[in-house]
1. Using the 7 Å Cα-to-Cβ label point, sort the distances from residue A:74 to its equivalents in the other copies shortest first and give them in nm to one decimal.
2. Residues with amide H under 5 Å of residue A:50's amide H, sequence separation 5 or more or different chain, H placed in the peptide plane at 1.01 Å from N; which?
3. Setting aside same-chain residues fewer than 8 positions from residue B:21, which lysines have a Cα under 30 Å from its Cα?
4. Roughly how much accessible area, to the nearest 100 Å², goes out of reach of solvent when B and A pair up, both sides summed, probe 1.4 Å?
5. Just checking the output field for B:43-56: average partner chain Cβ neighbours within 10 Å of each residue's Cβ?
6. With the contact rule set at Cα under 8 Å and sequence spacing of 6 or more, what percent relative contact order holds for segment A:6-50?
7. What does the average come to when, for each residue of peptide B:79-90, you count the partner chain Cβ atoms lying within 10 Å of its Cβ?
8. Quantify, in whole percent, the carbon and sulfur part of the accessible surface of chain B (1.4 Å probe; protein heavy atoms only).
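The values are calculated or read from the model by the stated rules, or taken from the named source; none is laboratory data. Values in this document were obtained by computation on a predicted structure and should not be read as measured data. Heads up, the Cβs are rebuilt from the backbone with ideal geometry, glycines too, and the neighbour counts pull from every protein chain shown. Note: areas computed on protein heavy atoms with side chains; ligands, DNA, RNA excluded. Shrake-Rupley method; radii C 1.70, N 1.55, O 1.52, S 1.80 Å.
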Protein chains: 2
Amino acid sequence: MSSEKQLDLLHHAALRVKDVKQAVDWYTQRFGCKVEYQDHTWAMLEFANARLAFVVAEQHPPHIAILGDPSAYGTAEVHRDGTSSVYLRDPDGNNVEILAMAPEPATRS
Amino acid sequence: MSSEKQLDLLHHAALRVKDVKQAVDWYTQRFGCKVEYQDHTWAMLEFANARLAFVVAEQHPPHIAILGDPSAYGTAEVHRDGTSSVYLRDPDGNNVEILAMAPEPATRS
């Protein structure tokens, strides 16, 4: 048994904003980051090591997302892009998304 | 000039908690992460790619921290561990810490 603990990946932190475009503009003008996805309800910026998301109040709560197995924590919601996730609340009410990436498409053998 | 934009590092996200020990216990019991620092006012957990901090209301605001040059944004505060930083607010009032690591100690030549 290894004494080194396997570390999980902190996929993104999501901040609440009122205007997604205004937030994307503010961050991309100041910092080295790339727009991975953007519409009027949310956006995802890619930094060197992790991602920063913006969410509007009516759609998503502010949260952090950790890669893992959502089904270990509840009934996972499968999203249109193939990812699946479940939301937990920590003891202080902070939202923690357990996020699984989309399965790789099957390849021909 | 390269067409590839140099990406900045998202050093940590800091969540507000009431009880730092309770938060550290909750996250370390569920996720693969290591305690990098902990006292009763704040803590820093190390994940595979980034860090997650916990802060109490009287000491620090919840924030995200991006590595960069604080002096480019204002008068940097130098902390006891040699790091320096300045806080900005994005258009929605989210706190963004611009964080510089401690300078390397001088080596003899």
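1. Copy-to-copy label distances at residue A:74, shortest first: 3.6 nm.
2. The answer is B:10.
3. The reachable lysines, counting only those whose Cα sits under 30 Å from residue B:21, are A:5, B:34.
4. Details: alone 8160 and 8170 Å², together 12770 Å².
Buried: approximately 3600 Å² between A and B.
5. Details: counts 0, 0, 2, 3, 10, 9, 11, 11, 3, 5, 0, 3, 0, 0.
So the per-residue partner count for this stretch is 4.
6. Values: 39 pairs, mean separation 14.8, N = 45.
RCO, segment A:6-50: 33 percent.
7. Values: counts 0, 0, 0, 0, 0, 0, 0, 0, 0, 2, 0, 8.
Taking all residues of B:79-90 together, the mean is 1.
8. Numbers: 3160 of 6380 Å².
Carbon-and-sulfur percentage of accessible area, whole number: 49.
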